[in-house]
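Read through the structure below, which is laid out as structure tokens, and then see the notes.
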Amino acid sequence: MGTSPVRNPVIDPRFTCFNVVIRKSSIHRYGVYARERIPANRKVIEYTGERVNRREAKLRGNGKYTYLFALDNYWTLDGAVGGSGAEIINHSCDPNLVSRVMKGHVLYMSLREIKPGEELTVDYHLDWNPPTTPCQCGTAKCRGTLELKKKR
Ligand SMILES: [Zn+2]
């Protein structure tokens, strides 16, 4: 089954700490862009979504579009339902955000200073999706796929 693509993605301001906006992206469909300078090591946005168990996550992960974030071995957040907008953030092999799981919450933190107009990116480190997903991030460090090469 899988989830259908989020049609009109929006940023939920309750979960963002900076002014960010969703725009068309050159990486993939939509992306999230900074509208102001974001210093390094700051919480930028929380990844929210419906909390689903391992079996349900497997079902939802089969589609073309998925917005799943594995919290641990059992629980996964599905950003397609109640997502903050963080689910729209694209993958890059040389990202400017990193995810941190704290007390069941997923926080996207800035790895470095981000300039206004820059697209926000995070390394998905996919490991739950057997087929390889080609990467189009275009950075010098691109490893060619979204799948895991090192442990989160
Ligand atoms: Zn890449």
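Here are the numbers for this structure:
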{"read-out": "Surface accessible to a 1.4 Å probe, per residue, for the residues of segment 13-122, Å²", "value": "52"}
{"read-out": "Hydrodynamic radius (Kirkwood) for the chain, which is based on Cα pairs only, to one decimal in Å", "value": "15.5"}
{"read-out": "Accessible surface of the chain [probe 1.4 Å, protein heavy atoms]: carbon and sulfur percent", "value": "50"}
{"read-out": "Loop-located GluC sites (Glu not before Pro) in segment 23-97 whose Cβ has at most 13 other Cβ within 10 Å (DSSP)", "value": "GLU36"}
{"read-out": "Per-residue [θ]222 nm for the chain (sum of -39500 (n - 2.57) over DSSP H runs n ≥ 4, rounded to 500)", "value": "-1000 deg cm²/dmol"}
{"read-out": "For segment 95-101, Karplus couplings with θ = phi - 60° (6.51, -1.76, 1.60), whole Hz, Gly/Pro x", "value": "x, 9, 10, 9, 8, 10, 9"}
{"read-out": "Placed amide H near THR145: partners under 5 Å, 5+ positions off or other chain", "value": "CYS135"}
{"read-out": "Cα-only Debye scattering, segment 54-97: base-10 log of I(q)/I(0) at q = 0.16, 0.21, 0.26, 0.32 Å⁻¹", "value": "-0.46, -0.76, -1.02, -1.17"}
{"read-out": "Calculated from backbone phi, Karplus (6.51, -1.76, 1.60) coupling profile of segment 113-121 in Hz, x at Gly/Pro", "value": "5, 10, 8, x, x, 6, 7, 7, 9"}
{"read-out": "Solvent-accessible surface ranking, highest first, for ASP123, ASP72, ASP78 at 1.4 angstrom", "value": "ASP72, ASP123, ASP78"}
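The values are calculated or read from the model by the stated rules, or taken from the named source; none is laboratory data. These numbers were taken from a predicted model, which means no experiment stands behind them. Note that we place each Cβ from the backbone using ideal geometry, even for glycine, and neighbour counts take in every protein chain shown. When the accessible area is computed, the model is the full protein with side chains, heavy atoms only, and any ligands, DNA or RNA have been set aside. Shrake-Rupley method; radii C 1.70, N 1.55, O 1.52, S 1.80 Å.
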